[in-house]
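Note sheet for the following structure.
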Amino acid sequence: MDAIASLIEGYRAFRSGTYRQNEERYRALAAKTQKPKALLIACCDSRTDPAMVLSTDPGELFVIRNVANLVPPYEPDDHYHGTSAALEFGITGLGIGDLIVMGHARCGGIEALYESGRGNPPKGEFISGWMSLASKVADETLKTHAHLDRDETLREMEKRAVVASLERLRTFPFVREREADGRLRLHGWFYGIGTGILSIYDKASDRFVDVPDVA
């Protein structure tokens with residue numbers, strides 16, 4: 001079975017299973033405005049599915065996905081700003097009160113940035129420009145963590161990129177103002193694809209702390 005045929009079969013299984021069993025809920029979701037409990041900026045990596053990791057139902061998460069879960073700076077001009085537009089809609093349009101930047105291990109975008117620092121820039125017309133958002137993080141990590149091996153350096157880069165995105169979020173006036181008056185909370189999370197472990201950024205200690213399996 002080829003890729004598209006497999007996806008169509010998956011849809012049929014959804015229609016006869018999950019949808020049929022929850023039809024009233026889906027109709028209720030379609031009948032009213034969405035009210036997600038959180039906005040989550042995640043990577044478009046096919047191995048990370050925030051809804052699956054967090055066991056959420058449709059309507060609970062407003063997800064923005066891009067390469068390496070990066071947040072661009074506030075730049076209101078006549079260019080195209082997909083991530084910024086979705087961010088604006090989620091915060092000012094839907095009034096979401098929790099905003100999460102969720103990075104992950106084995107991120108291809110961060111790995112490309114790492115290789116670029118070693119003289120092997122990524123090919124393509126768009127990736128290099130987009131990943132330049134994290135170039136400062138990569139440079140600083142390579143300088144301050146020269147003692148780490150490749151994998152450890154990449155994990156550090158991935159985590160520091162999350163922190164840098166949190167900082168850039170505050171360049172958006174509607175984010176900064178809402179955080180200041182308590183209407184909005186910012187969170188930095190990191191997910192290990194292979195380990196299944198979720199870690200949360202603790203600003204006081206400037207490190208990511210693993211979430212325990214049992215409450």
### Subset of segment 19-32 [free of Cβ contacts under 8 Å to residues at least 12 places away in the same chain and either of a type in the set (Ser, Thr, Tyr) or closer than 30 Å to Gly188 by Cβ (or both)]
Tyr19
### Task
Report yes if some residue within segment 161-178 is among the polar types (S, T, N, Q) and either touching a residue at least 60 places away in the same chain (Cβ under 8 Å) or on the phi > 0 side of the Ramachandran plot (or both); otherwise report no.
yes
### Message
Looking for something under 19 Å from Ile96 (Cβ atoms) and either under 18 Å from the mean Cα position of the chain (by Cα) or open to solvent by less than 90 Å² (accessible area, probe 1.4 Å) (or both) - is there at least one such residue anywhere in segment 19-26?
### Response
no
### Query
Quick one: is Ile96 open to solvent by less than 50 Å² (accessible area, probe 1.4 Å), in contact with an Asp or Glu (Cβ under 6 Å, 6 or more places away or on another chain) and closer than 23 Å to Leu186 by Cβ?
no
### Task
Answer yes or no as to whether Ser16 is closer than 22 Å to Val101 by Cβ and either surrounded by 11 or more Cβ atoms within 10 Å (Cβ to Cβ) or free of Cβ contacts under 8 Å to residues at least 40 places away in the same chain (or both).
no
### Message
Looking only at segment 57-92, count every residue that is open to solvent by 50 Å² or more (accessible area, probe 1.4 Å) and either among the acidic types (Asp, Glu) or within 16 Å of Thr33 (Cβ to Cβ) (or both) and tell me the total.
### Response
8
### Message
Checking Leu148 against (1) within 29 Å of Asp98 (Cβ to Cβ); (2) touching a Lys or Arg at 6+ places or on another chain (Cβ under 9 Å): exactly one of these is not met. Which one?
### Response
(1)
### Residues within segment 117-146 that are over 19 Å from Tyr80 (Cβ atoms), hydroxyl-bearing (Ser, Thr, Tyr) and open to solvent by 50 Å² or more (accessible area, probe 1.4 Å), tallied
1
### Message
Scan segment 151-158 and tell me whether some residue there is assigned to a loop (DSSP other than H, G, I, E, B) and over 23 Å from Pro76 (Cα atoms).
### Response
no
### Query
If you check Thr48, Thr83, which single one turns out to be touching a strand residue (DSSP E or B) at 6+ places or on another chain (Cβ under 9 Å), closer than 25 Å to Ala180 by Cα and among the hydroxyl-bearing types (Ser, Thr, Tyr)?
Thr83
### Query
Within segment 110-124, can one find any residue that is in a loop (DSSP other than H, G, I, E, B), of a type outside the set (Lys, Arg) and in contact with a Lys or Arg (Cβ under 6 Å, 6 or more places away or on another chain)?
no
### Summary
Picking from Ser199, Ser165, the residue that is within 13 Å of the chain's Cα centre (by Cα), hydroxyl-bearing (Ser, Thr, Tyr) and open to solvent by less than 30 Å² (accessible area, probe 1.4 Å) would be Ser165
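The values are calculated or read from the model by the stated rules, or taken from the named source; none is laboratory data. This is a predicted model, so every value here is computed, not measured. Every residue, glycine as well, gets a Cβ built from its backbone with ideal geometry; the counts of neighbours run over all protein chains shown. Protein only, heavy atoms only, side chains kept; ligands, DNA and RNA dropped before computing areas. Shrake-Rupley method; radii C 1.70, N 1.55, O 1.52, S 1.80 Å.
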